[in-house]
1. Looking at the range 174-188 only, could you name the residues that are surrounded by 15 or more Cβ atoms within 10 Å (Cβ to Cβ) and under 20 Å from residue 256 (Cβ atoms)?
2. Taking the criterion of being touching a residue at least 40 places away in the same chain (Cβ under 8 Å) and either assigned by TED's automatic domain parsing to the domain that holds residue 64 or over 19 Å from residue 178 (Cβ atoms) (or both), would at least one residue in the range 228-245 satisfy it?
3. Can you confirm whether residue 216 is free of Cβ contacts under 8 Å to residues at least 24 places away in the same chain and either part of a loop (DSSP other than H, G, I, E, B) or closer than 29 Å to residue 11 by Cβ (or both)?
4. Give me the helices (runs of 4 or more DSSP H) completely within the range 1-120, filtered to those with at least 3 residues that are modelled with pLDDT under 80, out of contact with any strand residue (DSSP E or B) (no Cβ under 8 Å at 6 or more places or on another chain) and not assigned by TED's automatic domain parsing to the domain that holds residue 181, ordered by residue number.
5. Can you name every residue in the range 199-213 that is buried (at least 21 other Cβ atoms within 10 Å of the Cβ) and either part of a strand (DSSP E or B) or modelled with pLDDT under 90 (or both)?
């Protein structure tokens, strides 16, 4: 199977983690900085070695990444190797409608810019990598190990968290607007992706609950909204946010927090039942073996 180095901005960690998990499930060997780098490593040396040894460099392209000096350095190293080897190695992965860097403009890109369509461009990416497997045949993606992100642990922001325990979980709330990240994905329309900053990076199960809450419109001004990293993105006219969508999103956050707590209660109840079953099983085995006359 091929190996892929994922070049990305830390602001795009949510998408990059999802892509990495899906690639690993397809059998692709993935190099992702947070999984590979250790304390004390030389960043430049480790990244340079990883790019040199990878079969492909997948560049996650967004408004943030095209301005990242780290991403630019990684792509320059990868393009130098591509020119030296005379074969395609750099694969642009577009996640936002933005202008590609000059040295990538002659390349076809995988278009992941539609939040509701991941599988179609992912299948094309697999074919480009030479992975001849149907999506239905792939193993379920496994989450990468990561810290829990809460207001008390802001240093972990940017990395997707594991599922919280009921005691750890702190309600997810809107704490501001990320004006720098808000942009117009289609200049022919007046609709923007408006990013509302969250107090924490929600766990995967919480995001699934939120998506289910947003599935059915509740009024005529309803707009598409989704979780992207530690933000809620709302596809709307910016002036509508205060009048319509902020109230809706806060309501859905409150409901998601409540249902996620109920989910955690069910998980802990199942865990307690399983622990009790194991204790009883162990006791039954011990009692049976203690009666042996040996």
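The values are calculated or read from the model by the stated rules, or taken from the named source; none is laboratory data. Just so it is clear, the structure is predicted and the values come from calculations on it, not from any experiment. With ideal geometry, Cβ positions are generated from the backbone for all residues, glycine too; neighbour counts draw on all protein chains shown.
1. Residues satisfying the conditions are 174, 177, 178.
2. No.
3. Working: free of Cβ contacts under 8 Å to residues at least 24 places away in the same chain: yes; either part of a loop (DSSP other than H, G, I, E, B) or closer than 29 Å to residue 11 by Cβ (or both): yes.
The answer is yes for residue 216.
4. 33-36, 43-53, 69-85
5. 200, 201, 202, 203
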